[in-house]
Amino acid sequence: QTCALPILVREKKREVGILRTLGLSPSSLARVFLWQGLAITSLGVVFGLLLGATLGHFLTPLVSWVQHEFGLVLVDPRVYSIDELPVVLSLTDTVWIVGLALVLGLGATLLPALTAARLKPTESLKYD
């Protein structure tokens, strides 16, 4: 996330210059990059949520299977005072994590969006 948008701004400098020359306002241009950042962030949140929920749901049986099949002791009750990994999926925690991830992702898109909005059309097209 934090690397993709600055690179995109740099790669799209010429297109940004053309859009600005055609009359697109700096705020509209910033919104384009903010929406793109939000889309990238949302995809990451959805995939992370699916992966986390899947691993959380199957973690205890997976650890038990690995311990049984390979003779490994991943959770030693003599050391940890438990014999399985306790996994509790909380809707409240999930909502907080998703919200925080979206806010942080949107925050990370602000600088590239403002950078794109501040590009001068003459500078953007100068070296083409």
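Ignoring ligands, DNA and RNA, what percent of the 1.4 Å accessible area of the range 42-128 is carbon and sulfur?
Numbers: 4770 of 6690 Å².
Ligands and nucleic acids excluded, carbon and sulfur reach 71 percent.
Just to be sure I understand, if you calculate Rg/Rh (Cα atoms, Kirkwood Rh) for this structure, which of (1) 0.98; (2) 1.20; (3) 1.28 do you get?
The listed entry that was calculated here is (3).
Mean Kyte-Doolittle hydropathy of 0.0 or higher plus an axial Cα length of 24 Å or more: which whole DSSP H helices in the chain meet both?
For the chain, where a helix must reach 24 Å along its axis and average at least 0.0, the hits are 26-70, 91-118.
What residue among 72, 38, 51 has the largest mean-square fluctuation in a Gaussian network model of the chain, using Cα springs under 10 Å?
The residue with the greatest mean-square fluctuation here is 72.
Per residue, how much accessible area does the range 33-86 have with a 1.4 Å probe, in Å²?
Details: 4080 Å² over 54 residues.
Each residue of the range 33-86 exposes 76 Å² on average to a 1.4 Å probe.
Kindly state, as a whole number, the per residue volume in cubic angstrom of the convex hull around the alpha carbon atoms of the range 1-73.
Numbers: hull volume 8.0 nm³, N = 73.
Cα convex hull per residue, to the nearest whole number: 110 Å³.
The values are calculated or read from the model by the stated rules, or taken from the named source; none is laboratory data. All values derive from a computational prediction rather than experimental measurement. The area values use the complete protein model at the heavy-atom level, side chains included, leaving out ligands, DNA and RNA. Shrake-Rupley method; radii C 1.70, N 1.55, O 1.52, S 1.80 Å.
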